[in-house]
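What follows is one structure encoded as structure tokens, with my remarks underneath.
The values are calculated or read from the model by the stated rules, or taken from the named source; none is laboratory data. Just so it is clear, the structure is predicted and the values come from calculations on it, not from any experiment. Reconstructed Cβ throughout: ideal geometry from the backbone, glycine too, with neighbour counts over all protein chains shown. Remember, those area values only see protein heavy atoms, side chains included, never the ligands or the DNA or RNA. Shrake-Rupley method; radii C 1.70, N 1.55, O 1.52, S 1.80 Å.
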Amino acid sequence: MTTPLSGIRVIDATNVLAGPYCTYQLALLGAEVIKVERPGSGDLARQLGADAARNKANMGISFLAQNAGKTSVTLNLKDVRGQHLLKQLVAEADVFVENYRPGVLDRLGLGYEALREVNPRLIYCAISGFGQDGPWRDNPAYDQIVQGIAGVMSVTGTPETAPLRVGYPLGDTIGGMTAAFAIAAALNARPRGSFLDISMTEAVLSTMGWVVSNHLVGGITPAANGNENPTSAPSGTFRTADQPVNIAANKDDQWVILTDVLGCADLRDRPQFATREDRKANRDALRETLEQTLMQKPAAHWVDALNAKGVPCGPVLSVPQILRSAQVQGRDLICDVETAQETLQLTASPVRMDGARPHPQSPPPVLGADTDDVLGTLGLTPDEIETLRAEGVI
């Protein structure tokens, strides 16, 4: 297995999703990730997910999704002794990641300046909703808040249904992936040592390049277009005899092929469909006309027929359908991770390197499972560790 981050130690003081997703990507690529959690309760994601029994056991599905391959240490960072232990861990680390609200760790004496004194080569990555400065820096931010503020919801749905939330935690995930990318880049810098300020809102806005540029450069106010591609037509979602398909005839030659395959070449002679701009202006009428033919046969027929001729076409699948597909199963994205009680199916790295896909090398950790071992490497004796546990420091 290719592990380009082998030998890199990451102290993960993050919670729920954006931060844990970031450090999961680093763990998949070989980094040693030590997850620092609150004694007793740990990462809030341990109590989140669709399985109430797992939540009660502090191993919620939301936690399982992005914490395999890590170790877990419990530290009370409000206790001076817990703060001292964290600094000892940081002294031997390459990366420190946190997603507290800006200023929280500074008040605990664990901000960037304090940790840089302990380790000048440290890469300190702070993930927050809006960044470390600006008028919104202190506002709490969850994924849905970010989606709304970043403009995502305003362009999601139809003109009648927008604003709509994207159906998964887009802001958290993009924020976490942006942080992982920045950390990987910072590890390559010489001399090493930097402060990375990751704003989930800015990360999301960065991915909205066409939407943002249409406004900044073209002066257009972005709007919700439902399942239609505003840059071309016919390009969107269409009904068939059994399930929807997406068709993207974005080029003129694809429009010609599409009408030939559907047996309606005469549409090319209609003035309202003559050019790309004409088709865009009359996209609703065009979709209804094409669906008269598309609804005569099932989706699989049209997917095969159109793709064979070079017109992109794909079925609209549910999550279970795509996970069961030969494409996903044949490329090893979903992997089996063994625990003492069961076999978990989790997502591996989204990247394949030299033909191999990095998988987590250990299951998601039980809260505090590695506290004694890790603190032992710092020189603490078993008696000292038990005293700290009895006094609520770990």
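Brief remarks follow.
- Across all directions, the average projected area of the convex hull around the alpha carbons of the range 77-222 is 10.5 nm².
- Reachable lysines, given that their alpha-carbon falls under 28 Å from the alpha-carbon of residue 251 and they are not under 8 places away in the same chain: 280, 297, 309
- Kirkwood Rh and Cα Rg combined as Rg/Rh, the range 11-81: 0.98
- Normalised size of the range 143-212, defined as Cα radius of gyration per 2.2 N^0.38 Å with N residues, equals 1.33.
- Average accessible surface for the chain: 50 Å² per residue, computed with a 1.4 Å probe over protein heavy atoms with every protein chain in place.
- According to the calculation over all Cα-Cα pairs in the range 296-394, the P(r) per 5 Å bin from zero is 2, 10, 12, 12, 11, 11, 10, 8, 6, 6, 3, 3, 3, 3, 1, 0 %.
- Against the set [x] 28.1; [y] 23.2; [z] 19.4, the structure's computed mean projected area of the Cα convex hull in nm² falls on [y].
- Given in Å, the Rg to one decimal and the Dmax to the nearest whole number for the Cα atoms of the range 76-144 are 12.7, 36.
- Residue with peak Gaussian network fluctuation, the chain [Cα springs, cutoff 10 Å], from 223, 93, 281: 281
- Cα-based Kirkwood hydrodynamic radius, the range 24-161, one decimal, Å: 17.2
- Within the chain, percent of DSSP bridges classed antiparallel, to nearest 5: 35
- Computed from the Cβ-Cβ distance with R0 of 35 Å, the FRET efficiency linking residue 339 to residue 139 stands at 0.40.
- Reachable lysines from residue 87, criterion Cα separation under 28 angstrom, eight or more residues apart if same chain: 35, 70, 78
- Principal-axis tilt of helix 283-294 within the chain, Cα atoms, nearest 10 degrees: 80
- Note on the chain: with neighbouring protein chains present and a 1.4 Å probe, carbon and sulfur make up 53 percent of its accessible heavy-atom surface.
- Our summary gives the chain a relative contact order of 19 percent, counting only alpha carbon pairs under 8 angstrom and 6 or more residues apart.
- Straight-distance candidates among the aspartates and glutamates for linking to residue 56, with alpha-carbon spacing under 15 Å and chain neighbours fewer than 8 residues away dropped: 43.
- Computed [θ] at 222 nm, helices only, for the chain once each DSSP H run of length n ≥ 4 contributes -39500 (n - 2.57): -10000 deg cm²/dmol
- Calculated FRET value between residue 332 and residue 307, using beta carbons and R₀ = 25 Å, to 0.05: 0.60
- For the range 234-352, a Kirkwood radius taken over Cα pairs fed into Stokes-Einstein (20 °C, viscosity 1.002 mPa s) yields D = 131 µm²/s.
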